[in-house]
There are 2 protein chains.
Amino acid sequence: MAETQPDAVKLDGAGPVYDQIRRAIRDLVVSGAWPPGTGVPPEHALMEQLGASRMTVHRALVQLAREGLIVRRRRSGTIVASPPASHAMLDILSIPEEVEQLGQAYSYDVLARGDGRPAAEVAERFGLRRSDKVAHLLVLHRADGKPHVLEERVIHVAAVPGVAGEDFAKTPPGDWLLQHSLWSQAEHAISAVGAQAEEAGLLAIAVGEPCLLVERRTWNQDRPVTAVRLLYPGPRHRFVGRFGPYGQI
Amino acid sequence: MAETQPDAVKLDGAGPVYDQIRRAIRDLVVSGAWPPGTGVPPEHALMEQLGASRMTVHRALVQLAREGLIVRRRRSGTIVASPPASHAMLDILSIPEEVEQLGQAYSYDVLARGDGRPAAEVAERFGLRRSDKVAHLLVLHRADGKPHVLEERVIHVAAVPGVAGEDFAKTPPGDWLLQHSLWSQAEHAISAVGAQAEEAGLLAIAVGEPCLLVERRTWNQDRPVTAVRLLYPGPRHRFVGRFGPYGQI
DNA sequence: GAGTGGTCTAGACCACTTC
DNA sequence: AAGTGGTCTAGACCACTCG
């Protein structure tokens with residue numbers, strides 16, 4: 001059931017009323033003030049509180065529901081949605097889920113970890129400043145015991161303070177971050193590279209074998225949260241998406 | 001300026017009125033009955049014609065505008081939009097544009113062409129039936145004279161009859177198809193592969209060198225239109241996309 | 001100036017779901 | 001039965017922009 005919501009919706013007077021309402025509630029959601037499960041006030045409550053007609057309030061809420069920030073159900077009301085675990089073509093946030101959906105048994109090992117200011121070569125690879133304090137991890141994910149993907153990740157300690165006390169023994173870093181950090185923006189790059197010697201050894205493939213490299217960086221309100229390089233071995237990995245001429249289906 | 005529109009909007013009585021209106025107009029657009037530039041009747045005309053209130057008509061049109069199918073301007077009215085040339089992360093529809101945006105000079109050669117029923121190996125590679133009549137093309141695209149991407153494509157003659165009389169001397173097949181075919185759905189797959197001997201020769205790279213393989217198939221109302229395999233050599237090609245936790249930005 | 005879309009209101013009825 | 005959102009109406013005023 002929904003918790004009640006603590007903060008009040010405040011309009012800023014800029015632009016159409018329905019958009020003021022939409023932005024005000026969106027900000028409460030993405031800032032974390034209204035975490036997932038929080039109850040959004042019913043339409044007539046917002047109507048009275050904001051002095052707007054029900055259609056105007058409704059319009060704002062419909063749009064937020066379409067954007068996926070809230071979930072609306074008759075009688076039981078409107079609550080803040082849980083961010084979807086996965087949504088777009090290239091968005092593999094949970095590797096355990098990905099492996100299990102392939103019907104294979106998932107396991108992983110943290111192969112290396114370092115905390116502190118990054119080495120020059122690491123800073124270069126992830127686009128970091130040398131002054132950023134990060135946790136630096138190398139993780140091998142396995143499907144049915146065989147190497148599935150090699151993950152190299154940095155996590156910004158300033159954005160995720162809890163990372164210092166976490167050893168990732170029970171949950172791999174990607175999944176752990178989903179529960180212990182907020183993000184508002186991400187950037188993906190995908191490319192084909194040949195496996196380097198060390199990578200090839202860990203992935204049990206030949207040096208130079210083609211791999212799909214997915215690089216993802218995420219931010220929360222323009223502050224970097226994490227950056228990851230996922231190296232998928234060989235030609236057996238494909239990323240698939242469907243869409244129409246006017247956008248994703 | 002907008003042409004007037006020939007066909008009338010017809011509702012089907014299924015579901016909410018605003019959605020009936022939306023679907024009716026969407027169908028006229030995607031079927032090609034209202035080509036880009038066609039004038040959509042003004043709100044009050046649709047109101048009278050359909051017996052709905054203006055808010056209801058407006059709601060349908062707003063949604064279509066948000067989906068990008070129509071463009072609305074005050075005073076001058078609403079017209080059917082031109083499909084965007086490019087829209088999603090992996091959607092490189094025009095290779096000439098892609099090359100020119102990199103600031104390089106574009107050129108291309110049609111290396112081979114065959115028309116008729118596909119060889120077994122081609123049918124396999126593109127997921128065709130042996131009975132499908134297709135044009136089969138091999139095209140090398142160059143940037144500043146150097147191989148940029150190798151394109152192997154099949155075009156379904158049933159969906160694009162004009163392909164039989166076109167030699168692609170002036171326009172590469174991808175761009176030509178944008179002007180001579182309609183599509184409603186597409187599927188992408190992206191993977192990393194090693195270059196085969198023939199491909200390596202054409203792309204001037206070593207055999208086995210990692211390449212990014214983009215495979216795209218498009219349909220119009222469930223009828224296949226074209227399928228293409230784009231082989232980008234080496235690690236220098238990247239596909240980049242940005243988005244937020246609730247969808248693409 | 002006039003035609004178009006953009007926004008907003010006040011109220012109504014309905015559908016669904018939980019209590 | 002009652003509370004919630006879903007839809008719809010009839011009308012209003014405003015903003016923009018073309019002729």
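A few notes on this one:
- Rounded to the nearest 10 degrees, the inclination of helix B:54-66 to the longest alpha-carbon principal axis of chain B is 10 degrees.
- Inter-chain Cβ neighbour count for A:130-139, averaged per residue, equals 0 (cutoff 10 Å, partner chain atoms only).
- Accessible area of the stretch B:17-80 belonging to carbon and sulfur atoms, whole % at 1.4 Å probe: 53 percent
- Carbon/sulfur fraction of accessible area - the stretch A:95-236, other protein chains in place, 1.4 Å, %: 49 percent
- Within the straight-line cut-off of under 24 Å between alpha carbons, the lysines reachable from A:K146 are A:K170, sequence neighbours fewer than 8 places apart in one chain being disregarded.
- Normalised by the number of residues in chain A, the average gap of Cα pairs under 8 Å and 6 or more apart makes the relative contact order 13 percent.
- Spread of Cα-to-Cα distances over 5 Å intervals beginning at zero, given as percent, for the stretch A:115-178: 4, 16, 27, 22, 17, 10, 4, 1
- Taking only alpha carbon atoms, the stretch B:17-80 gives an Rg to Rh ratio of 0.92, where Rh is the Kirkwood radius.
- The modelled label-to-label distance for the pair A:R125/B:Q179, using points 7 Å beyond Cα in the direction of Cβ, is 4.7 nm.
- Label-to-label distance, nm, for residues given as B:R117 and A:L111 (7 Å Cα→Cβ offset): 5.1 nm
- Label point of B:Q179 (7 Å along Cα→beta-carbon): distances to the other copies' equivalent points are 5.7 nm, sorted ascending.
- On the beta carbon distance between B:E198 and A:R66, with R0 = 45 Å, the FRET formula returns roughly 0.40.
- Inter-copy label distances for B:A164: 7.5 nm (label point placed 7 Å from Cα along Cα→Cβ; shortest first).
- Computed from the C-beta positions of B:R54 and A:Q221 and an R0 of 35 Å, the FRET efficiency is 0.30 to the nearest 0.05.
- Leaving ligands and nucleic acids aside, the B/A contact buries around 4000 square angstrom of accessible area in total at a 1.4 Å probe radius.
- Helix-derived mean residue ellipticity, 222 nm - over chain B, DSSP H n ≥ 4, -39500 (n - 2.57), to 500: -7500 deg cm²/dmol
- Solvent-accessible area lost in complex, 30 Å² minimum, residues of the stretch A:205-232 relative to chain alone, 1.4 Å: A:P210, A:L212
- Accessible area per residue in Å² at 1.4 Å probe, computed on the protein assembly as shown: 50 Å²
- Across the identical copies, the 7 Å label point of B:P96, projected outward along Cα→Cβ, sits 5.2 nm from its counterparts, in ascending order.
- Neighbouring Cβ atoms from other chains, within 10 Å of the Cβ of residues in A:181-191, number 5 on average.
The values are calculated or read from the model by the stated rules, or taken from the named source; none is laboratory data. This is a predicted model, so every value here is computed, not measured. Glycine gets a Cβ as well: all are built from the backbone with ideal geometry, and neighbour counts include every protein chain shown. Each accessible area value is taken on the protein alone, full model and side chains, heavy atoms only, with ligands, DNA and RNA left out. Shrake-Rupley method; radii C 1.70, N 1.55, O 1.52, S 1.80 Å.
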